[in-house]
Amino acid sequence: MDLLEKIKISAKKHSKRIVLPESLEERTLKAADILIGENIAQIILIGEPSDIEKEAKNLGLANISDAEIVNPANHPQKEKYIDMMVEIRKKKGLTRDEAAKLIEDPLYLATLMIKAGDADGEVAGAMNATGDVLRPAFQYVKTMPGISVVSGAFIMILKNGEYGEDGMLVFADCAVHPDPDEKELAEIAVATAGTAKAIAGFDPRVAMLSFSTKGSAKHALVDKVANATRIAKEMAPELKIDGELQADAAIVEKVGRSKAPGSDIAGKANVLIFPNLESGNIAYKLVQRLAGAEAIGPVLQGMAAPINDLSRGCSVSDIVNLVAITANQAAGS
Ligand code: ACO
């Protein structure tokens, strides 16, 4: 059974409440219909109920009648959510009037529902840019304890089973934080190990990537990765992690043995942590295109509750898959 099938079966067991704020977007509505029909998650849609029902009817989507539809114009918890917003953003000077306007934006309402415990997770981004999806999440849901930075991982499934975990690797950060410092890079490594275990389902062996292996080059950028490795070990002493390693030393056994003798990660890594977003984003796209790998994600990690961002070019099945992943994150599995 492939990984996505396993993720869907696991999501069905947990029956989490996932909010889809872009409810009138055609692919989202079609995905909601499938998710409800296959019992992958309980679906909450945000919008004017009569508009959503009309659009569902036009598209012939019979299962949408089983979704919970939340109307931002007259949500019964609106005043409670506004109070929460003003309290959370009081240091930033957010006024009640400003909060009352923001809560009518489905992307803000979705995050407040999660913060209040009225939903377990969110998937959006089919029609909104990354920043617009993430900003409300950063501001109100915030990061999980011990983590200050949200990042994005991709599960890469290679055609060649020789590398990683039988051809599966997790790459991060490929999606969110442009220029992490050494502590943030350590946090990204720890969070990504968690994603590898919870979503990809394997025991992580983490390589902190650089253009140097174990001091072969001297540069401040090399020091950053070596220091991040040390900090990650302090944060999670049980974590199997090593660095700094070049990519070949990380994934090719023979090269690992010769460049980093004695390392129990070199040559066997199944989680690759890139030194910044430029390298991570470029690497996952090149592996996807040049090696024909399947890239599942980005799976956002480090947030206090699961909120995931779609690409605006996503397909209906991308949305179904990301909701299943989000439901698994919400279940903590
Ligand atoms: N983790 C946690 N909190 C964060 C993060 C983060 N990575 N980044 C910003 N924040 C917080 C800030 O602390 C701030 O909080 P505050 O308002 O309480 O002080 C809030 O979020 C807003 O911060 P800004 O710096 O104003 O963030 P902005 O909204 O400008 O940018 C964004 C955030 C959009 C994620 C930005 O970092 C970005 O554009 N990243 C790149 C995204 C991207 O383009 N990725 C590549 C494409 S995705 C793909 O190819 C799969």
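The values are calculated or read from the model by the stated rules, or taken from the named source; none is laboratory data. Since the model is a prediction, treat every value here as computed from it, not as a measurement. Virtual Cβ from ideal backbone geometry, glycine too; neighbours counted across all protein chains shown. Areas reflect the complete protein model, heavy atoms only, side chains present, ligands, DNA and RNA absent. Shrake-Rupley method; radii C 1.70, N 1.55, O 1.52, S 1.80 Å.
Within region 275-298, work out how many residues are away from the ligand (no atom under 12 Å from the Cβ) and of a type in the set (Ser, Thr, Tyr).
1
Could you tell me how many of the residues in region 142-179 are more than 9 Å from the ligand (Cβ to nearest atom) and more than 17 Å from ILE325 (Cβ to Cβ)? The number of residues fulfilling the criteria is 13. Residues that are closer than 19 Å to GLY167 by Cα and more than 14 Å from the chain's Cα centre (by Cα) do not occur anywhere in region 301-324. When GLY313 is tested against the conditions (1) among the small types (Gly, Ala, Ser); (2) at pLDDT 95 or above; (3) within 16 Å of the ligand (Cβ to nearest atom), the lone failure is (2).
Considering region 117-130, and only residues there that are open to solvent by less than 30 Å² (accessible area, probe 1.4 Å) and more than 15 Å from the ligand (Cβ to nearest atom), the residue that is farthest from ALA324 (Cα to Cα) turns out to be ALA119.
For every residue, the table says whether it meets (1) modelled with pLDDT of 95 or more; (2) in contact with a strand residue (DSSP E or B) (Cβ under 6 Å, 6 or more places away or on another chain); (3) among the acidic types (Asp, Glu).
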{"position": "THR130", "(1), (2), (3)": "no, yes, no"}
{"position": "VAL170", "(1), (2), (3)": "yes, yes, no"}
{"position": "LYS183", "(1), (2), (3)": "yes, no, no"}
{"position": "LYS218", "(1), (2), (3)": "yes, no, no"}
{"position": "VAL225", "(1), (2), (3)": "yes, yes, no"}
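Only one of the numbered conditions (1) at pLDDT 95 or above; (2) within 25 Å of SER315 (Cβ to Cβ); (3) in contact with an Asp or Glu (Cβ under 8 Å, 6 or more places away or on another chain) is violated by ALA119, and that is (3).
Here region 78-116 is the region considered, the condition is being charged (D, E, K, R) and part of a loop (DSSP other than H, G, I, E, B), and the residue that is most open to solvent (accessible area, probe 1.4 Å) is GLU104.
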